Amino acid sequence: MPHPKKSVSDLALFGGQPLFAEPLYVGRPNICDHDALFRRIQDAVDLRWLTNDGPLLLEMEARFAEFLAVKHCIAVANATLGLQLLAHALELKGEVIMPSFTFIGTARAMEWQGLKPRFCDVLDSRHSLDPAAVRKAITPNVSAILGVHLWGMPCMIDELQAIADQYGIPLIFDAAHAIGSSYKGERIGRFGRAEVFSLHATKAINALEGGLIATDDDELAHRLCPVRNYGIVDENTFEGTGVNAKMNEFSAAMGLTNLEHFSLLQTHNRGLQAAYMTGLDKTDGIQSVTAANIENHNSHYAVFRIYPEFGLSRDEIREILVKENIFGKRYFWPGCHRCPPYNNLDPALSLPVTEALVDGLLQLPTGLQIGADDARAIAGLLAFIGKHADGKDGIKHRFGLPPV
Ligand SMILES: *Cc1c(COP(=O)(O)O)cnc(C)c1O
């Protein structure tokens, strides 16, 4: 059992023993069933079919389509390429409305297609595009709205769809975080023109690296499919253009195996979220973001908002946790609009909600690497830190002092 702290001097920051002997990370890959995984990889090796529409890939696409209740699931090498292929297939031009509060890959994918991100602020309540801000940002140059279901919490889809319909532009989604999440009782995957999932190693279901483009649009799926393979339809047919965005069979083996264990993983993570919540419910200035409406979420991310009442900043808390071998994250600091080259496009752009969130959020470990006891210990440590933040002998005071 991790070592409890009796006094502030027991914190590893001040020379005490770390709470965990081994480092705990956010986004450690979940590998749910080693036997099934290695069996599938062995099959691929025996068959000597490693990529190019192999049997594992086709099975994975079919299983995900079934899981998401969507007509088409097109596997690609990663979600960034998936977003690029989608922008290409939809012939987007000019500007694309998107949140700044997202992984920089969302912006990079559009930029790589020659599109200019038009950053909008997000809602404080759900961390995704604010429909009112989107409406204000529409110009004749805007060719699409790109929503991000951050932390697996769905966007305000109906409101965004109404705006897209009114202006006759497509609504698409970066659903990198949202596999298994749902909106009004339906799984994310069928909304907008298409949704792009990531199966990167850190994501809720991982395929080492990988992505999925999900759509109910037959014509769009038909156009997208050959683009991931140089525009090759079959030996005799070449279409339009293309690139290499194929997923290999080992990745498909991992994706398939993890999909089979998704609900176990979700239940496990919900247990962790509950343990975090319970351990922190008497601590002021820290609140779970991802525990509200949990029935709609895949529950892969445990996100906490730090308020001034906690007595220490998010970055100070992180520094303390790292010394205890708990590597909390500060996704997605500093916000895309403050990163090159976007910070030079419109230096006056101010996104107050985004700017408050990037400084106030802390992500804690989830997944199979930890159990509920560990989550309780982390919450207990955070509660201890909050309790001892202020005062003459408090952590805040000692922060700048040499170790004792
Ligand atoms: C991980 C992530 C991506 C990129 O996914 P890859 O599969 O690594 O290309 C895009 N958007 C968001 C919000 C992400 O978290």
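Each reported figure results from applying straightforward, stated rules to the coordinates on display, with no laboratory input. The structure displayed is predicted, hence computed values, not measured ones. Cβ sites come from the backbone with ideal geometry, for glycine too, and all protein chains shown count toward neighbours.
Taking amide H as placed 1.01 Å from N in the peptide plane, the amide H of residue 194 sits under 5 Å from that of 173, each at least 5 places away or on another chain.
Please list log₁₀ I(q)/I(0) at q = 0.11, 0.22, 0.23 Å⁻¹ for the range 289-404, using the Debye equation with identical point scatterers on the alpha-carbon positions. Values returned for q = 0.11, 0.22, 0.23 Å⁻¹ are -0.47, -1.28, -1.33.
Here is the P(r) of the chain: all C-alpha pair distances, binned every 20 Å from 0, give 27, 53, 19, 1 in whole percents.
Dipole magnitude for the chain: about 1100 debye, using +1 per Lys or Arg Cβ and -1 per Asp or Glu Cβ, origin at the Cα centre. Hey, could you get me the Stokes-Einstein D for the range 1-74, Kirkwood radius over alpha-carbon pairs, 4 °C and 1.567 mPa s, rounded to whole µm² s⁻¹? Approximately 77 µm²/s, per Stokes-Einstein.
For the range 132-196, a simple Cβ point-charge model (Lys and Arg +1, Asp and Glu -1, everything else neutral) yields a dipole of about 40 debye relative to the Cα centre. Based on C-alpha pairs under 8 angstrom that are at least 6 apart in sequence, the range 1-160 has a relative contact order of 15 percent.
The share of Cα pairs per 10 Å bin across the range 304-345, counted from zero up to the longest distance, runs 25, 38, 27, 10, 0 percent. Listed from fewest to most Cβ neighbours within 10 Å, the set 200, 300, 397 follows the order 397, 200, 300.
Under 5 Å between amide hydrogens, built in the peptide plane, is the criterion, and for residue 76 it picks out 211, 212, 213 among residues at least 5 positions away or on other chains.
Can you find, among 70, 354, 103, the residue farthest towards the positive end of the dipole of the chain? Put +1 on the C-beta of Lys and Arg, -1 on that of Asp and Glu. Positive-end residue among those listed: 354. When +1 charges are put on Lys and Arg Cβ atoms and -1 charges on Asp and Glu Cβ atoms, the dipole computed for the range 34-259 relative to its Cα centre reaches about 480 debye. Here the contact order of the chain, divided by its residue count and restricted to Cα pairs under 8 Å and six or more residues apart, works out to 22 percent. Here the sum of -39500 (n - 2.57) over DSSP H runs of 4 or more residues, divided by the residues of the chain, equals -11000 deg cm²/dmol at 222 nm, to the nearest 500. Note that the range 224-342 carries a Kirkwood radius of 18.7 Å, evaluated over its alpha carbons pair by pair. Label separation (residue 356 vs residue 49): 5.5 nm, computed from points 7 Å beyond Cα along the C-beta direction.
Of the residues 231, 84, 283, the one whose Cα sits farthest towards the positive end of the charge dipole of the chain is 283 (charges of +1 on Lys and Arg Cβ, -1 on Asp and Glu Cβ, taken about the Cα centre).
Each eigenvalue of the Cα gyration tensor of the range 137-263, multiplied by 5 and square-rooted, gives one semi-axis; in descending order these are 26, 23, 11 Å. Post the alpha-carbon centroid distance, the range 237-283 to the range 333-404, in whole angstrom. Spelled out, the Cα-based centre of one part sits 25 Å from the other.
As a rough footprinting exposure proxy, the listed residues 290, 241, 283 were ranked by other beta carbons within 10 Å of their own, and the order from fewest upward is 241, 283, 290.
The distance linking the range 129-143 with the range 177-223 is 23 Å (Cα centroid to Cα centroid, whole angstrom). Evaluated over the Cα positions of the range 175-244, the convex hull gives a direction-averaged projected area, one quarter of its surface, of 5.5 nm². Between the beta carbons of residue 260 and residue 166, assuming R0 = 56 Å, the FRET efficiency works out to 0.85 to the nearest 0.05.
Protection proxy ranking for 134-144, 320-330, 189-199, using the average of other Cβ atoms within 10 Å per residue and placing the highest first: 189-199, 320-330, 134-144. Using the Cβ-Cβ distance between residue 132 and residue 217 with R0 set to 41 Å, the FRET efficiency from 1/(1 + (r/R0)^6) comes to roughly 0.90. Derived value for the range 34-259: Kirkwood hydrodynamic radius 17.6 Å. Basis is the mean of 1/r over every pair of different alpha-carbon atoms. Here the label points at residue 230 and residue 392, each 7 Å from Cα along the C-beta direction, are separated by 7.6 nm in the simple model.
Put a dot 7 Å past the Cα of residue 369, heading toward its Cβ, do the same for residue 59, and the two dots end up 2.9 nm apart. Pairs of Cα atoms nearer than 8 Å and 6+ residues apart set the relative contact order; for the range 209-259 it is 28 percent.
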